[in-house]
Amino acid sequence: MDFTLSEEQQDLAETVRRFAEKELAAGALERAHDPTYPWDVAERLASLNLLGLAFPEADGGGGGTLMDAVVAIQELAAVCPTAADVFQAGNFGAIRTLAEYASPAQKKRFLPDLLAGRALISVAMSESEAGSALTDLRTSAVQDGDEYVLNGTKLWSTHSPDATLYLVYVRYGPGVSGIGSVLVERDTPGLTVGPPESYMSGEHWSELRFEDCRIPAENVLLGPGGFKKQISGFNVERIGNSARALAVGRHAFNIARDHANVREQFGRTLSEFQGIQWKFAEVAVQLESAQMLLYRAATNADHGLPGAYDTAVAKYACNTAGFAAANEAVQVMGAMGYSTQTLVEYCLRRTRGWMIAGGSLEILRNRIAEDVFGRRFSQRAPK
């Protein structure tokens, strides 16, 4: 299969690259160390129609493909990693699930502000006892007339301190068939957004508590039996995760490469030492291989939603390659790479988190092995 970018995609890449270098490069380091959501960046991306780039034009999107979104997010991440996070929030994950499965009334109500950068959606999935074992979630949604009453707690939701809307995975009844999702606006009575907690990447996330939180029935996104649809939409989040991990790792790789070409030790530039050359050669192979797997997953997407196997393979490859690139970049640059005065140490911390978020490497290995052996392997302890 030919993964060469089309002429239109090459033009898109060039446009986004020029925009990022002109508008975002100067403040990239400061944004990386600021945990608050950059609303100004969101509005600038929206002005170029980059939020919702791969959504149908009928929904207010750009009418592009998932591959177009991958191209754009990688160009942003190569200049300003934080801008790529904003693009992710406006194209992948929760907003993509909303655009894919929302009713016409829900789209009309929520999408315009989200795509204009005036609003922000966060997915609330994980709980203290339901991380990788997501189907163990306990947050309940009980119907009471024309309302649903929510009770439970969610953790580790990206952008949760700043979000204006939450896509919440809930349990309507027992078993996987009892799982679905609802839309909860930030100012809904019964929802408490806890104080921000800091994580290794520098991000801040808040605990979300639902205590007899009442929402109208029209805020139900997917009712009972909607879990598989939600996970299909979540595969798109993994594509964004993969693209950022790869691009951020490559960003660190490029900084370290330029450093190795000018930094002298023992009368020679670092790039003249074979040990350093091999580091870059090995990482280059990992980056290029992962890039092809990412393109395959995006290109093979069925009706805009990529397959679970292609996504698992791409995310595993991109997560490990991106982290390896950032890790070696820090090593090559030594104290300069370890310093917060460059983006290299940030790239290392950032790529490390993506090896957990959106499906851990262990979960991905399990999913890949199921395709290898043509059967499902339950991870649950026997009863």
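The values are calculated or read from the model by the stated rules, or taken from the named source; none is laboratory data. Here the structure is a predicted model, which is why all the values come from computation and not from measurement. Here the Cβ is made from the backbone with ideal geometry for all residues, glycine too, and neighbour counts use every protein chain on show. These area figures cover heavy atoms from the full protein model, side chains too; ligands, DNA and RNA do not enter into them. Shrake-Rupley method; radii C 1.70, N 1.55, O 1.52, S 1.80 Å.
Restricted to segment 359-383, and to residues there that are within 26 Å of the chain's Cα centre (by Cα) and of a type in the set (S, T, N, Q), the residue that is most open to solvent (accessible area, probe 1.4 Å) is Q379.
The sole residue among A141, A163, A83 that is part of a loop (DSSP other than H, G, I, E, B), small (G, A, S) and open to solvent by less than 10 Å² (accessible area, probe 1.4 Å) is A163. In segment 350-358 there is at least one residue that is within 16 Å of the chain's Cα centre (by Cα), part of a loop (DSSP other than H, G, I, E, B) and buried (at least 23 other Cβ atoms within 10 Å of the Cβ). One residue is enough: does segment 107-117 have a residue meeting the conditions under 27 Å from T351 (Cα atoms), under 19 Å from the mean Cα position of the chain (by Cα) and not aliphatic (A, V, I, L, M)? Checking segment 107-117: at least one residue is under 27 Å from T351 (Cα atoms), under 19 Å from the mean Cα position of the chain (by Cα) and not aliphatic (A, V, I, L, M). Just checking, does segment 209-220 include any residue being of a type in the set (D, E, K, R), farther than 30 Å from D310 by Cα and in a loop (DSSP other than H, G, I, E, B)? No, every residue in segment 209-220 fails to be of a type in the set (D, E, K, R), farther than 30 Å from D310 by Cα and in a loop (DSSP other than H, G, I, E, B).
Being modelled with pLDDT of 95 or more, closer than 30 Å to A326 by Cα and buried (at least 22 other Cβ atoms within 10 Å of the Cβ) is the requirement here; does A260 meet it? No; evaluated as a whole, the condition is false for this residue. Taking segment 1-37 as the range and being open to solvent by 70 Å² or more (accessible area, probe 1.4 Å) and among the polar types (S, T, N, Q) as the test, the residues that pass are T4, Q10, T36. Against the test of being within 19 Å of V248 (Cα to Cα) and modelled with pLDDT under 95, the options A308, A357, A301, A326 yield a single qualifying residue, A357.
Please enumerate the residues belonging to segment 41-57 that are more than 22 Å from V236 (Cβ to Cβ) and either open to solvent by 80 Å² or more (accessible area, probe 1.4 Å) or more than 20 Å from the chain's Cα centre (by Cα) (or both). Selection gives E43, S47.
Here is the figure for segment 66-80: residues that are small (G, A, S), in contact with a helix residue (DSSP H, G or I) (Cβ under 7 Å, 6 or more places away or on another chain) and surrounded by 24 or more Cβ atoms within 10 Å (Cβ to Cβ) total 2.
Close contacts from segment 126-149, counting a first residue that is within 16 Å of I363 (Cβ to Cβ) and a second that is among the acidic types (D, E) and open to solvent by 80 Å² or more (accessible area, probe 1.4 Å), with Cβ to Cβ under 8 Å and a gap of 6+ residues or different chains, come to S132/E362; D136/E129.
Among the residues here, P196 qualifies as surrounded by fewer than 22 Cβ atoms within 10 Å (Cβ to Cβ), more than 30 Å from Q143 (Cα to Cα) and out of contact with any helix residue (DSSP H, G or I) (no Cβ under 9 Å at 6 or more places or on another chain).
Yes or no, residue by residue, for (1) without any contact (Cβ under 8 Å) to a residue 24 or more places away in the chain; (2) among the aliphatic types (A, V, I, L, M); (3) surrounded by 24 or more Cβ atoms within 10 Å (Cβ to Cβ); (4) closer than 14 Å to V123 by Cα:
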residue: R186; (1), (2), (3), (4): yes, no, no, yes
residue: T192; (1), (2), (3), (4): yes, no, no, no
residue: W205; (1), (2), (3), (4): no, no, no, yes
residue: E218; (1), (2), (3), (4): no, no, no, no
residue: P224; (1), (2), (3), (4): no, no, no, no
residue: S242; (1), (2), (3), (4): no, no, yes, no
residue: V248; (1), (2), (3), (4): no, yes, yes, no
residue: I255; (1), (2), (3), (4): no, yes, no, no
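Taking the listed residues S177, S181, the one that is open to solvent by 10 Å² or more (accessible area, probe 1.4 Å) and of a type in the set (G, A, S) is S177, with no other qualifying. Per the conditions (1) open to solvent by 20 Å² or more (accessible area, probe 1.4 Å); (2) in contact with an Asp or Glu (Cβ under 6 Å, 6 or more places away or on another chain), the sole criterion not satisfied by F280 is (2).
For every residue, the table says whether it meets (1) among the hydrophobic types (A, V, I, L, M, F, W, C); (2) at pLDDT below 95; (3) within 20 Å of P306 (Cβ to Cβ).
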position: C80; (1), (2), (3): yes, no, no
position: D85; (1), (2), (3): no, no, no
position: G90; (1), (2), (3): no, no, yes
position: A94; (1), (2), (3): yes, yes, yes
position: A105; (1), (2), (3): yes, no, no
position: K108; (1), (2), (3): no, no, no
position: L115; (1), (2), (3): yes, no, no
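What about G63, is it open to solvent by 40 Å² or more (accessible area, probe 1.4 Å) and not charged (D, E, K, R)? Criteria met by G63.
Taking the numbered list (1) surrounded by 21 or more Cβ atoms within 10 Å (Cβ to Cβ); (2) under 23 Å from Y295 (Cβ atoms); (3) among the aliphatic types (A, V, I, L, M); (4) more than 24 Å from the chain's Cα centre (by Cα) in turn, A314 passes all entries but (4). Among the residues of segment 104-135, just one is closer than 25 Å to G358 by Cβ, out of contact with any Ser or Thr (no Cβ under 9 Å at 6 or more places or on another chain) and open to solvent by 60 Å² or more (accessible area, probe 1.4 Å), namely E129.
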